[in-house]
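In what follows, a structure is listed as structure tokens, so that the remarks can point back to it.
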Amino acid sequence: MTNSLWVLLAAMLLMSIQTSDAVPITGNSHGTVTLVEYYDYECPHCRRMELVIERLQTHCSQLRVVYRATPLLTLDSQSIASFTLAAQTQGQWLPLHQALMSWSHAPTLSDVEQVAMQLKLNPSALLNVMQQSNIQQQLQQNIQLAADYAIQPKFLSQLYQF
């Protein structure tokens with residue numbers, strides 16, 4: 001592997017790992033291993049990965065998981081991701097996230113509001129918060145990071161020179 005590919009890989013990792021208040025983190029916040037999860041609530045593969053990530057956290061005490069909502073599938077994806085990130089302002093991102101990721105079907109915004117009520121959150125307040133610029137900017141940054149740095153087959157072929 002060439003030095004330029006190592007530099008590119010290091011840059012990818014650093015950009016993905018950098019966080020803000022709008023980026024949820026679970027596991028060991030000072031862990032020596034960081035997993036960056038790009039996800040869309042409407043993606044069935046993403047929902048299935050949640051159980052894998054939970055198991056990894058159970059078995060790896062040094063694992064820190066950085067969650068980057070990447071709403072790409074539909075317009076509802078953007079609203080759902082915004083709403084769940086807004087739940088972080090009420091300290092309830094994780095329960096809402098876990099509930100939605102456990103579903104076998106893609107949630108709608110109405111579904112998400114219902115789950116929020118079950119969790120004793122204030123959906124009206126969350127609908128207001130989800131419009132805040134910091135949340136919208138974080139989602140746009142996540143999408144850009146995924147487009148720029150998420151490992152893709154093309155990158156892997158360059159990395160390993162298949």
Quiz item: Once you list every other residue whose beta carbon is under 14 Å from the beta carbon of L73, what net charge do they have if Lys and Arg are +1 and Asp and Glu are -1?
Solution: -2
Quiz item: What does the charge add up to near Q140, with Lys and Arg as +1, Asp and Glu as -1, over the other residues with Cβ less than 14 Å from its Cβ?
Solution: 0
Practice problem: Multiply the residue separation of S29 and Q90 by 0.36 nm, subtract the distance between their alpha-carbon atoms, and state the gained length in nm to one decimal. | Solution: 20.0 nm
Self-check item: Label-to-label distance, nm, for residues given as S102 and S133 (7 Å Cα→Cβ offset)
Solution: 3.8 nm
Quiz prompt | Stokes-Einstein diffusion coefficient of segment 69-152, Kirkwood radius over Cα pairs, 10 °C, 1.306 mPa s, in µm²/s | solution = 122 µm²/s
Practice problem: Mind checking the full-extension length gain between T58 and Q114? Use 0.36 nm per residue of separation minus the Cα-Cα distance, one decimal, nm. | Solution: 17.3 nm
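FYI, it's all coordinate maths here, none of it is from the lab. Since the model is a prediction, treat every value here as computed from it, not as a measurement. Cβ sites come from the backbone with ideal geometry, for glycine too, and all protein chains shown count toward neighbours.
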